[in-house]
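Here is the structure we will look at.
The values are calculated or read from the model by the stated rules, or taken from the named source; none is laboratory data. The shown structure was predicted, so the numbers you read here are calculated from the model rather than taken from an experiment. Heads up, the Cβs are rebuilt from the backbone with ideal geometry, glycines too, and the neighbour counts pull from every protein chain shown. Quick note on the areas: whole protein, heavy atoms, side chains included, nothing else; ligands and nucleic acids left out. Shrake-Rupley method; radii C 1.70, N 1.55, O 1.52, S 1.80 Å.
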Amino acid sequence: NVLWRRKAGVMSPWLMNLVPTRAGRRAGRGRPRLRQPWRALPQNGARGRRSPLDAERPSVPPSPPMPGYELPVGTCLDMCPAAERTQREKERRLHRFEVAPGCRGDRPRADPQRAVKEYSRPAAGKIRPPPSQLRPPSVLLATVRYLASEVAERTDASCAEVASFVADRLRAVRLDLALQSASDVETALVLESALAVLLAVVARLGPNATHGPVDPMLLQAQVQESFGSLRRCYALGAGPHPRQATFQGLFLLYNLGSVEALHEVLQLPAALRSCPALRTALAVDSAFREGNAARLFRLLRTLPYLQSCAVQCHVGRARRGALARLARALSTSKGQTLPLGFMVHLLALDGPKEARDLCQAHGLPLDGQERVVFLRGRYTEEGLPPAGTCQILVGNKLGGRTLEDVVMAEEEDEAVDRPMTKI
């Protein structure tokens, strides 16, 4: 059709440049096509792979509200509406975290103090829930607090089961918040708390998360959606938002190395970028991009708990990159040794055993139990980098506090709020 329009003489000169000539088609080349600036190439090196920020961008622009229509205000004072509890009891869809104590058998009964509203996907033509089915912001915040204190800290369930339950219920929290009228300050407070809990439970999954009842890719998408909702709230609302700098920094740390994430952060007001939390995140991102392992892991050691949870997914890749640079610099035909203790300190590993496992996973032989040998041609990379336990970088940073204390804190740790020193 395009060629016919060109022969008919109705094609504009601009469109003519997009169609290769006949001689160019024979030679395998045509006129250079105009570049489409709206289709950015992937920044992660994977052809056709979606950008990590795509999850927070709606595929269709949100339509404006109908004239004269006002969003309702939720009136449900329970974490789960009574009608949903009754329906899920009949359909036997109660999670074991929600069953009343001592109630076992074929027909378990829901505990109103434990049952939490589950996520139900909105669909076209589906009736909007009435106010009695929506929880107001105060109840949503209490629900997030319950998930942080009573569910995320459970020791009688696997981390994968806890993460699956918490992620689903937090998704329902965000949906209830979107379907009702709430102030910008209330919305930001609920979204900040929900995102903090989600980051913590995802970080606790560990390296064996793919074998549990949870999809890591789905969790990653939900984290990106949570960041998107919160950052849109910051952009549309007047505030004040005391923890905005902290969560903008968490956004950069979770998307470490992403050009788009760095661009979004650099577009923030200068007063916000000068906050210690954001300056620390920018310093971590800079060290990660430069491949400066010594500076990167020195910074990671000083991060508070939530920031460490956000950056944990990048630790394995950073350690692999540092080990690859050591192999290029030290490998010889006869072999050159390096103490494992040096690697433990440089890469913030959890001990000599983790250092030995890291070296053996990359094909590097060991000289006894205390040294690694860098032989030319022996370094290899197969599969994903070992995740490690990250006790030094993440697990030990709670410092005797509970997850509820961290999530509901109005101010971040002193390590984040102090003025930046030269690193």
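Before moving on, here are some points about what is shown:
- Area of Cys159 that stays accessible when all protein chains are in place (1.4 Å probe, Å², to 10): 70
- Top positive-direction residue, dipole computed over segment 317-398 with Cβ charges, set Leu326, Asn396, Leu358: Leu326
- Portion, in percent, of the accessible area of segment 86-226 that falls on carbon or sulfur, probe 1.4 Å: 51
- With K and R counted +1 and D and E -1, the other residues having a Cβ less than 9 Å from that of Met79 yield a net charge of +3.
- Ranked by the mean number of other Cβ atoms within 10 Å of their residues, highest first, the peptides 126-132, 114-120 fall in the order 114-120, 126-132.
- Ordering of 241-254, 141-154, 175-188, 375-388 by packing [mean C-beta count within 10 Å, highest first]: 241-254, 141-154, 175-188, 375-388
- Accessible-area composition of segment 317-398, carbon plus sulfur, in percent [1.4 Å probe]: 54
- Solvent-accessible surface of segment 317-398, averaged per residue with a 1.4 angstrom probe and all protein chains in place: 53 square angstrom.
- Solvent-accessible surface (1.4 angstrom probe) belonging to Asp78, in square angstrom, nearest 10: 60
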